[in-house]
Amino acid sequence: MSSPHTKTYVLVHGAWHSGQIWDRVVPLLGRAGHRVFAPSLTGHGEKAHLLGPEVGLDTHVDDVVALLADEDLTDVVLVGHSYAGLVVSAAADRVPERIARLVYVDALVPVDGESTIDVLPATQFMIDQAAGSDTPWRIPPMPERPTPAGLFGITDPADIAWVRTLLSDESVRCFQQPVRLHNPATDAIPRTHIHCTGDKPADFVRRAVPARQPNGTPAQVWEVPTGHDCMVTAPADLARLLLAAG
């Protein structure tokens with residue numbers, strides 16, 4: 001039987017990644033006595049073979065909602081990284097009664113009707129590039145860039161090699177499909193924002209987090225001085241913040 005102090009974390013990966021990207025964080029939360037789920041979304045990880053042009057944001061929201069229902073999870077700390085900010089927002093909108101807290105890890109935070117393109121317009125360039133290929137519906141992972149940007153903020157060669165084995169293409173529909181946020185009950189869910197500050201270009205402008213959460217309490221915003229994939233580069237720091245947030 002679970003302790004009354006046991007929390008349930010559901011960690012949702014961003015675009016191109018898989019559930020394994022959380023492998024360094026999961027045991028840290030587990031050793032603290034908590035249940036942890038880190039699913040791979042459709043088209044990624046062990047489900048990479050399911051990728052097709054019909055896979056979109058709604059597919060990934062369905063993935064998360066199904067996990068919550070199949071495992072009968074409640075009081076969940078639902079964590080979304082990067083693109084998964086849209087996924088967890090929409091999942092919480094569908095089943096707010098199962099969610100204790102939303103945590104956005106260097107994530108896109110949408111309002112109703114927005115797509116990934118709306119929140120991060122740079123993704124349109126990737127879609128335009130894919131349009132000229134033999135498979136215009138699929139977008140390959142972002143390429144490695146010079147240090148300090150590296151591969152999703154990862155610069156250690158061994159880490160880069162490992163993460164490359166976890167990456168797969170993303171469907172254009174994931175970035176184009178708008179999020180639907182209609183449930184007023186979702187406003188009561190407290191939120192935490194964790195921003196990675198280590199690999200942003202000089203002209204990067206992050207969407208500001210409102211001073212007050214939808215539930216009326218002050219915004220909770222923390223920073224980690226590391227790259228975008230902080231679960232790889234700073235897993236202990238991220239786990240510590242997730243424990244504090246939950």
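What's the percent breakdown of Cα-Cα distances in segment 1-69 across 10 Å bins, shortest bin first? Here the calculated profile for segment 1-69 is 20, 46, 26, 8, 1.
Divide, for segment 138-246, the radius of gyration over alpha carbons by 2.2 N^0.38 Å, where N is the residue count.
On the way: Rg = 16.6 Å, N = 109, 2.2 N^0.38 = 13.1 Å.
Against the empirical 2.2 N^0.38 Å value, I get 1.27 for segment 138-246.
Using the heavy atoms of the protein chains alone and a 1.4 angstrom probe, what is the accessible area of the chain per residue in square angstrom? Kindly include the intermediate steps, with their values, before the conclusion.
Details: 11050 Å² over 246 residues.
Here the per-residue accessible area is 45 Å².
Just subtract the alpha-carbon distance of Arg35 and Leu67 from 0.36 nm times their residue separation and send over the number in nm, one decimal.
Values: separation 32, 0.36 × 32 = 11.52 nm, distance 1.36 nm.
Residue separation times 0.36 nm, minus the Cα-Cα distance, leaves 10.2 nm.
What the pair-distance distribution of the chain shows, using all Cα-Cα distances binned every 10 Å from zero, is 7, 33, 40, 18, 2, 0 percent. Leaving out ligands, DNA and RNA, and with a 1.4 Å probe, what % of the accessible surface on the chain is carbon or sulfur? Result for the chain: 54 percent of the exposed heavy-atom area is carbon or sulfur.
Any chance you could tell me what percent of the C-alpha pair distances in segment 201-246 go past 18 Å?
Numbers: 479 of 1035 pairs.
The answer is 46 percent, as a whole percent.
Tally Lys and Arg at +1 and Asp and Glu at -1 over the other residues with C-beta under 12 Å from the C-beta of Tyr83: what net charge comes out? Don't jump to the answer; show the numbers that get you there.
Numbers: positive: none; negative: Asp106, Glu170.
In short, -2.
The mean of 1/r over all pairs of different alpha-carbon atoms in segment 20-133, once inverted, gives a Kirkwood hydrodynamic radius of 15.3 Å.
Evaluating 6.51 cos²θ - 1.76 cosθ + 1.60 at θ = phi - 60° for every residue in segment 163-176, the Karplus couplings come out as 5, 4, 6, 9, 8, 8, 5, 10, 6, 3, 4, 4, 8, 8 Hz, glycine and proline recorded as x.
Note on the chain: antiparallel DSSP beta bridges, both residues inside, total approximately 20 percent of the bridges counted. Were the residues from Thr197 through Arg212 laid out at 0.36 nm apart, the gain over their Cα-Cα distance would be 3.2 nm. The amide H of Ala38, built 1.01 Å from its N in the peptide plane, has Leu11 as neighbours under 5 Å, considering only residues 5 or more places off or on other chains.
Taking the Cβ-Cβ separation of Leu50 and Phe204 as r and a Förster radius of 30 Å, what is the calculated FRET efficiency to the nearest 0.05? Could you put the intermediate results ahead of the total?
Working: r = 33 Å, r/R0 = 1.09.
The pair Leu50/Phe204 has a calculated efficiency of 0.35.
Here is how the number arises for the chain: DSSP H runs of 4 or more residues each give -39500 (n - 2.57), the sum is divided by the residue count, and the result at 222 nm is -8000 deg cm²/dmol. Considering only alpha-carbon pairs that sit under 8 angstrom and 6 or more positions apart, the relative contact order computed for the chain is 22 percent.
Can you order the peptides 13-19, 76-82 by their average number of other Cβ atoms within 10 Å per residue, highest first? Provide the component values of the computation, followed by the final result.
Details: 13-19: 25.1, 76-82: 27.0.
Averaged packing, sorted descending, gives the order 76-82, 13-19.
The values are calculated or read from the model by the stated rules, or taken from the named source; none is laboratory data. From a predicted model like this one, the values you see are computed outputs, not experimental measurements. FYI the Cβ positions are ideal-geometry reconstructions off the backbone, even for glycines, and counts take in every protein chain you see. Protein only, heavy atoms only, side chains kept; ligands, DNA and RNA dropped before computing areas. Shrake-Rupley method; radii C 1.70, N 1.55, O 1.52, S 1.80 Å.
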